[in-house]
Amino acid sequence: MLVFGALLAGIILWRAKNGDSVSFLGLNLQSNSKLQKLEKEIHQLKEEGKQKNYVITSLNTLASEISRSLILQEPEFEDQRRRIYNYLLSCVVAVFAGNKGNNPKVCIFVDAGDGMLKVHEAAAHSPNGMRKLRLSIADSAAGYTYQTGEIFFSGEIHTPGSRFKAHPKAQSTYHSLICAPVKSGDAVLGVLSVTGDEERSYTDDEKMYLASFANVLAPLLQLELKRQVQPS
């Protein structure tokens with residue numbers, strides 16, 4: 001009897017440990033693993049909801065501020081432009097920094113006029129890196145987006161066949177990259193990109209978020225580029 005009782009108790013505990021609900025002599029035994037899993041899923045959904053609300057609020061704020069900037073003249077325009085970019089870049093960093101290992105770096109690239117893309121604005125890059133960074137339009141992930149108007153999205157950019165080309169003077173290595181076109185109609189004005197140090201740093205939702213930030217930026221970037229080519 002003792003052996004049988006010990007064996008029965010072991011079976012009951014083993015089943016409960018694996019998440020099975022077990023009833024014996026009026027007692028209900030169940031592992032808390034399922035409850036913990038459910039609580040984790042609920043927490044994740046809440047965090048994703050908070051992120052979506054933050055993105056929507058940020059986009060609405062940017063759209064309003066950019067709209068207001070379009071009628072300003074210098075020096076008010078330059079002051080407003082600077083404030084908008086500070087806000088936009090900080091929002092993108094906040095949205096994509098959910099995983100502490102991502103260390104997202106954000107860049108807005110525009111045509112340098114010599115077959116290369118140059119940094120227009122950036123966040124989390126070194127000042128020296130921002131000054132010197134140039135990417136080939138013909139042979140880079142950002143260049144692909146600039147030429148085609150299509151989003152580049154990779155969770156492992158170093159795999160064979162990737163359009164990504166490592167910059168020879170790069171001071172850090174990252175594995176994830178999203179490049180979203182900044183467009184006015186069919187014309188591509190620039191590229192908004194974000195990197196992630198970890199493999200598969202970002203989700204399809206975050207790819208959509210970056211595209212939304214790029215879309216809301218378009219009127220401001222279009223006005224900037226137009227003003228740059230106008231004769232003084």
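Any read-out appearing in this document is the output of simple, stated calculations on the displayed coordinates, not a laboratory observation. In this text the structure is predicted, and so the values were computed from the model without any measurement.
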Note to self: Quick check: residue separation of H158 and A94 times 0.36 nm, minus the Cα distance between them. What number comes out in nm?
What the structure shows: 20.5 nm
Next item on the list: Given a cut-off of 19 Å, name the pairs among K105/K226; K52/K207; K118/K183; K118/K226; K50/K207; K50/K183 whose C-alpha atoms lie farther apart than that in the structure shown.
Entry: K105/K226; K50/K183
Next item on the list: Any chance you could tell me what percent of the C-alpha pair distances in region 86-133 go past 17 Å?
Entry: 40
